[in-house]
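Right, one structure below, let's go through it.
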Amino acid sequence: MAFFFFVGFIIIQRLFELSVAKRNEKWMKSKGAIEFGQRHYPAMVLIHTAFFIVFIFEVMSLEKGLSSYWPVLLFLFSVTQAMRIWALSSLGRFWNTKIIILPDADVVKKGPYKLIKHPNYLIVTAELLIIPLMFNAFITLVLFTLLNILILSIRIPAEENALREMTKYEMVFKKQGRFVPNLLNKCDN
């Protein structure tokens, strides 16, 4: 029962986020935004959809139970959810699941974006580790960790190139790490 509640919560959350992304896309494109990365986007959607299918199949067919570390993992999952809300709300109408850039828009550097360039990808990566670990779904864990690394190795450069081309991204984030805060630069300022 806990498994279905947990998975249901995540799926409902993702569907809600997709509706927000669609609304943001419509608004941004009405302002003249340009979409990039259309070639890899279907693969990204497929990976994230397949994650849930494989995860549910593995847990159900192999009768996986809740990890003995579930309280710690649930806490970490809760932290990722708070971080997810922080990252998405910091971007506001500029947040999307697609790479959609409004030319010459101010680059968002608030919330977690003060610390790192890609907090949302870091959060999703953490979720792709925590969720399978919570239910001992090690096949899902390994498979989708590798697929996530693969898709992000395409996605992040595409996004950064688009941002460099259309905004002052390079200047704004010149001292920022992708996933790890560059604390030494903070001390130098």
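The values are calculated or read from the model by the stated rules, or taken from the named source; none is laboratory data. Please read these numbers as outputs of a predicted model, since none were measured by experiment. Backbone-built Cβ (ideal geometry, glycine too); neighbour counts: all protein chains shown.
Only one of Val45, Val72 is farther than 15 Å from Asn136 by Cβ and at pLDDT 95 or above; which?
Numbers: Val72 fails: farther than 15 Å from Asn136 by Cβ.
Sole residue among the options that is farther than 15 Å from Asn136 by Cβ and at pLDDT 95 or above: Val45.
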The range 106-160: number of residues that are in contact (Cβ under 8 Å) with a residue 60 or more places away in the chain and of a type in the set (S, T, N, Q)
3
Output the residue which, of all residues in the range 150-188 that are of a type in the set (Val, Ile, Thr) and either part of a helix (DSSP H, G or I) or within 20 Å of the chain's Cα centre (by Cα) (or both), is modelled with the lowest pLDDT.
Val180
Subset of the range 86-112 (residues that are under 25 Å from Ser30 (Cα atoms) and not in a loop (DSSP other than H, G, I, E, B))
Ala87, Leu88, Ser89, Ser90, Leu91, Gly92, Arg93, Phe94, Ile99, Ile100, Ile101
Using the structure shown, decide if Tyr113 is among the aromatic types (Phe, Trp, Tyr) and farther than 19 Å from Gly37 by Cα.
yes
Which one of the conditions (1) over 19 Å from Ala2 (Cβ atoms); (2) more than 17 Å from the chain's Cα centre (by Cα); (3) touching a residue at least 12 places away in the same chain (Cβ under 8 Å) does Lys26 fail to meet, given that it meets all the rest?
(3)
Test for Lys64: is it part of a loop (DSSP other than H, G, I, E, B), surrounded by 13 or more Cβ atoms within 10 Å (Cβ to Cβ) and modelled with pLDDT of 95 or more
yes
Check off (1) assigned to a helix (DSSP H, G or I); (2) acidic (Asp, Glu); (3) under 25 Å from Ile34 (Cα atoms) for Glu58 and give me the number that stays unchecked.
(3)
In the range 88-110, which residue that is out of contact with any Leu (no Cβ under 9 Å at 6 or more places or on another chain), surrounded by 12 or more Cβ atoms within 10 Å (Cβ to Cβ) and not charged (D, E, K, R) is farthest from Ala158 (Cα to Cα)?
Ser90
